[in-house]
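Asker: I am attaching a structure below and will ask some questions about it afterwards.
The values are calculated or read from the model by the stated rules, or taken from the named source; none is laboratory data. From a predicted model like this one, the values you see are computed outputs, not experimental measurements. All Cβ positions, even for glycine, are placed from backbone atoms using ideal geometry, and neighbour counts span all protein chains on display.
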């Protein structure tokens, strides 16, 4: 980002504040209460217009471009962004709807549409890197060259006017579901997280994580998991979470005795898990609710158990690694007091409680729930001068929200291009049919093909476009063979984000390796081992949707309990340590038992329990032998 100075700095601040106030008035329902009618597409165009302007203010065209001012060409881009989006704001309900109904587009609208498409791709290149704009560029070109391509990419050709009209003027184009969710729900939750941060809530939860877990065996790593999980829930980006939390947690883990690559792997997996954890799920939860046409509460309920198992698996591996290597916790003098921390900041739990209650109880819309949660933060911090919201903090909230939203807006706008192109050419339907044919109707083969496809499609993409691509292209194939839609979408999403920790891309792992000063490939493969549950669970909750809270209470309870036991056994097998060391052949047995426990069915559960009990007996016996030998050696020394 640029560090703007003088007039440009003031301009950015004014636009950020105006944008923030406008969005708060919109998603807080103030416009509605004042009988000011703003329909969905003009609102989305307003939001995207603000954010494209901010993107070209903040992000330079390359590394050598000026960092303290805005060059003339970016001012031209800003003017085009205002013009293209402003046209939709002013004329959508009159001219645009009429032109769409008549299947026409004027030369002026054609120029505006082409300009907006170019601006989105260029903004994505600056903010997100090359992967997303290259994918978007292919899907922009695809409708024109489909007749020359083989296989599922083959199709009829389209005119320039038809393509631009679909992208720019249709409700399922650029201004479709992704930008719609960004312009209401995502910005509301990002603002909520920023309000929590500037009032001291972020520090409270970070300190509580260390106070509660820092003294335990391997305490710094466990504290890193808890802190990263919480911060990741609201940051929406695993890489950003590594960069912000990892600079504190990774050095502490290294200091306590963890190897650099292990410390980096822990932070990468913990941060990436924030994208899978309710309520925000990297902002995907809101889009998934729209795609599945279910309540937001159903999404966060379905995602809760898999997310808990994900972090429990990581927690167990960290604990057993500490036991194996003798890593202790931090001393009391190195940690904040749990009671004092709670006493000084317990009221930060109230906004979280308000948010969860409003989402699950009266089932308010997500943006309204976030609005009232923000109001509750303002109320509970009124009584502490150093923490209450003031003018400076309000401006900071607006500025930081604007900066974060440039990442989101460029991603969702580019995703809108993908969705428009796929809808126009029908590639998603063809891919689903191809996967079904290739799997020959076998669900396991279909899941393996889906996992590979989701992983490849997710490489280098932020969580939102990653989910949208795999949900549109891949999930329909699973639904056709009887997989519950919730399980199909969760499977696609989980496998899409595995690329963040898995080489060769592994953005979270490489960011953590840079902080840890570790070998990037070694850190990446360590993260794969620590995050192994990410690769296993999606298969399980397709075959066993009880983990998504689908089914009877008895079946759900059994699935959760056996999965917890399975995760413990997997951790023992992966780390080679339980109550005592585990031999290589025993690790294979324990890993098998863990998989049996996680796989649904009483037969596999029973087999897993028997093998697990036998291995527990071996571990208890070995530990007693080790203790006896240790006591004997001590007595001889005495």
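Asker: On the given criteria, is residue 447 over 26 Å from residue 46 (Cβ atoms), at pLDDT 85 or above and touching a helix residue (DSSP H, G or I) at 6+ places or on another chain (Cβ under 9 Å)?
Answerer: yes
Results for (1) under 21 Å from residue 623 (Cα atoms); (2) touching a helix residue (DSSP H, G or I) at 6+ places or on another chain (Cβ under 6 Å), shown as yes or no for each residue.
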site: 554; (1), (2): no, no
site: 563; (1), (2): no, yes
site: 567; (1), (2): no, yes
site: 576; (1), (2): yes, yes
site: 580; (1), (2): yes, yes
site: 583; (1), (2): yes, no
site: 592; (1), (2): no, no
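Asker: Next up: Do we find a residue being within 18 Å of residue 42 (Cα to Cα) and not in a helix (DSSP H, G or I) anywhere in the stretch 74-97?
Answerer: Within the stretch 74-97 (the criterion being within 18 Å of residue 42 (Cα to Cα) and not in a helix (DSSP H, G or I)), the answer is no, since none of the residues qualifies.
Asker: Would you say residue 404 is touching a helix residue (DSSP H, G or I) at 6+ places or on another chain (Cβ under 6 Å), modelled with pLDDT under 90, assigned to a helix (DSSP H, G or I) and over 27 Å from residue 240 (Cβ atoms)?
Answerer: Judged against the criteria, residue 404 is not a match.
Asker: Kindly indicate whether residue 338 is in contact with a helix residue (DSSP H, G or I) (Cβ under 8 Å, 6 or more places away or on another chain), under 30 Å from residue 561 (Cβ atoms) and crowded, with 20+ Cβ neighbours inside 10 Å.
Answerer: no
This table checks each residue for (1) crowded, with 23+ Cβ neighbours inside 10 Å; (2) under 23 Å from the mean Cα position of the chain (by Cα); (3) free of Cβ contacts under 8 Å to residues at least 12 places away in the same chain.
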residue: 368; (1), (2), (3): no, yes, no
residue: 377; (1), (2), (3): yes, no, no
residue: 380; (1), (2), (3): no, no, no
residue: 389; (1), (2), (3): no, no, no
residue: 393; (1), (2), (3): no, no, no
residue: 404; (1), (2), (3): no, yes, no
residue: 431; (1), (2), (3): no, no, no
residue: 463; (1), (2), (3): yes, yes, no
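Asker: Can you name the residue in the stretch 101-125 that is part of a helix (DSSP H, G or I) and free of Cβ contacts under 8 Å to residues at least 40 places away in the same chain and is also farthest from residue 59 (Cα to Cα) among such residues?
Answerer: It comes out as 101.
Asker: Please return the ranges of helices (runs of 4 or more DSSP H) entirely within the stretch 151-230 where 2 or more residues are crowded, with 24+ Cβ neighbours inside 10 Å and touching a strand residue (DSSP E or B) at 6+ places or on another chain (Cβ under 6 Å).
Answerer: Correct list: empty, since no element meets the threshold.
Asker: Considering only the stretch 10-20, I want to know if a residue exists there that is more than 21 Å from residue 125 (Cα to Cα), without any contact (Cβ under 8 Å) to a residue 12 or more places away in the chain and under 27 Å from the mean Cα position of the chain (by Cα).
Answerer: no
Asker: Given the condition over 27 Å from the mean Cα position of the chain (by Cα) and either crowded, with 21+ Cβ neighbours inside 10 Å or over 23 Å from residue 14 (Cβ atoms) (or both), answer yes or no: does some residue in the stretch 42-61 qualify?
Answerer: Checked against the condition, which is being over 27 Å from the mean Cα position of the chain (by Cα) and either crowded, with 21+ Cβ neighbours inside 10 Å or over 23 Å from residue 14 (Cβ atoms) (or both), the stretch 42-61 yields no hits at all.
Asker: On the given criteria, is residue 426 buried (at least 24 other Cβ atoms within 10 Å of the Cβ) and in contact (Cβ under 8 Å) with a residue 24 or more places away in the chain?
Answerer: For residue 426, the condition - buried (at least 24 other Cβ atoms within 10 Å of the Cβ) and in contact (Cβ under 8 Å) with a residue 24 or more places away in the chain - is not met.
Asker: Has the stretch 491-501 got at least one residue that is at pLDDT 85 or above, over 17 Å from residue 535 (Cβ atoms) and assigned to a loop (DSSP other than H, G, I, E, B)?
Answerer: The answer is no, given that none of the residues of the stretch 491-501 is at pLDDT 85 or above, over 17 Å from residue 535 (Cβ atoms) and assigned to a loop (DSSP other than H, G, I, E, B).
Asker: Please go through the stretch 142-195 and give me each residue that is out of contact with any helix residue (DSSP H, G or I) (no Cβ under 6 Å at 6 or more places or on another chain) and under 22 Å from residue 30 (Cβ atoms), ordered by number.
Answerer: none
Asker: With over 28 Å from residue 481 (Cα atoms), in contact with a strand residue (DSSP E or B) (Cβ under 9 Å, 6 or more places away or on another chain), in contact (Cβ under 8 Å) with a residue 12 or more places away in the chain and surrounded by fewer than 23 Cβ atoms within 10 Å (Cβ to Cβ) as the only criterion, which of 622, 587, 529 stands out?
Answerer: Going through 622, 587, 529 in turn, the sole match is 622.
Asker: Follow-up question, since we're still on this one. For the stretch 258-276, what are the residues that are under 8 Å from the mean Cα position of the chain (by Cα) and either assigned to a loop (DSSP other than H, G, I, E, B) or within 16 Å of residue 188 (Cβ to Cβ) (or both)?
Answerer: Of everything in the stretch 258-276, nothing turns out to be under 8 Å from the mean Cα position of the chain (by Cα) and either assigned to a loop (DSSP other than H, G, I, E, B) or within 16 Å of residue 188 (Cβ to Cβ) (or both).
Asker: With the condition kept exactly as written, say whether any residue in the stretch 301-320 is farther than 30 Å from residue 181 by Cα, out of contact with any strand residue (DSSP E or B) (no Cβ under 7 Å at 6 or more places or on another chain) and surrounded by fewer than 16 Cβ atoms within 10 Å (Cβ to Cβ).
Answerer: no
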